[in-house]
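Scroll down for the structure; my scribbles are underneath it.
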Amino acid sequence: MSSSAASPAKIPRSFWQRLNGAPIPPARLLAAYPVMFSISGLIASRVALSGLPSTLLGAIFTRFVSAENVPLAALATLHLQAYLFTVIPAVVGRATIGKGLDNNYPREQKKLVTGLAARLQALHENTLESFAGYAAAILVARITNVPLDIQTNFSLYIVLGRLLYAATYVFDLGTPRSIAYVSCSTAALALYGYSLLPGFDGFLRGLVRA
């Protein structure tokens, strides 16, 4: 399935094109990105502070670890996303071209993939690139004794956001993918804020209520 595939049935093509995202001129990008960053940050903060991530995933995680270790379990989940859950589809995608997976020259082969296989490869690479930042934010929050509910909800928000990010990559939804990516980044930045800035909680809650 390539990015030029026909739009799904019963969805007006103009709507699908707007959702998927056309190429953005540089001048418009400079104006649009700060707006998207702000909106995505507010979404991440509002959802995390509401406790929804714990409601959705907390019971699953606490079946395996104690409540105080859920943030570290979220970190482990992000690690698995980066080094297992996304690498397998990417490798399978590369194996669909030519005569199969070229394990002697994998980096050369991945340059040849297109369509869904290319998106799976890009998803894997972005997941690898993003993992270090998320890991550092979660660990810094742990070391500096950020309140456990904050650690838990923001780290689980990142897990949920990355699952959404993966889905939008698979289905080639450019704009929702960008929103999911930026919202996860702002959730990580919020953890840094809680770790390093006195009064950050009041500041963030004031923004969310505004």
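The values are calculated or read from the model by the stated rules, or taken from the named source; none is laboratory data. No experiment lies behind these values; they were computed from the predicted model shown. Glycine also receives a Cβ, built like all others from the backbone with ideal geometry; neighbour counts cover every protein chain displayed. We work out accessible area using only protein heavy atoms, side chains counted, and drop any ligands, DNA or RNA first. Shrake-Rupley method; radii C 1.70, N 1.55, O 1.52, S 1.80 Å.
Per residue, how much accessible area does the chain show when a 1.4 Å probe rolls over the protein heavy atoms, in square angstrom? Can you show the working numbers first?
Details: 11910 Å² over 210 residues.
Value returned for the chain: 57 Å² of accessible area per residue.
Here the chain is treated as a Stokes sphere of Kirkwood radius computed over C-alpha pairs; at 20 °C and 1.002 mPa s its diffusion coefficient rounds to 115 µm²/s. Among complete DSSP H helices in the chain, those whose alpha-carbon atoms stretch at least 30 Å along the helix's long axis and whose mean Kyte-Doolittle hydropathy reaches 1.0 are 26-50.
The Cα center of region 170-190 and the Cα center of region 134-151 differ in position by 21 Å. Using a cutoff of 8 angstrom between alpha carbon atoms and counting only pairs six or more residues apart, the relative contact order for region 152-210 works out to 34 percent.
Give me the number: length gained by fully extending Leu196 to Lys111, i.e. 0.36 nm times residue separation minus the C-alpha to C-alpha distance, one decimal in nm.
Numbers: separation 85, 0.36 × 85 = 30.60 nm, distance 4.11 nm.
Full extension of this stretch gives 26.5 nm more.
Among 165-176, 38-49, 55-66, sorting by the average number of other beta carbon atoms lying within 10 angstrom of each residue, highest first, gives 38-49, 165-176, 55-66. Note: relative contact order over the chain, using C-alpha pairs below 8 Å and six or more positions apart, is 32 percent.
Which of the listed residues, Val87, Phe64, Asn145, is farthest toward the dipole's positive end in the chain, when Lys, Arg count +1 and Asp, Glu count -1 at the beta-carbon? Comparing the listed Cα positions along the dipole, Val87 ranks first.
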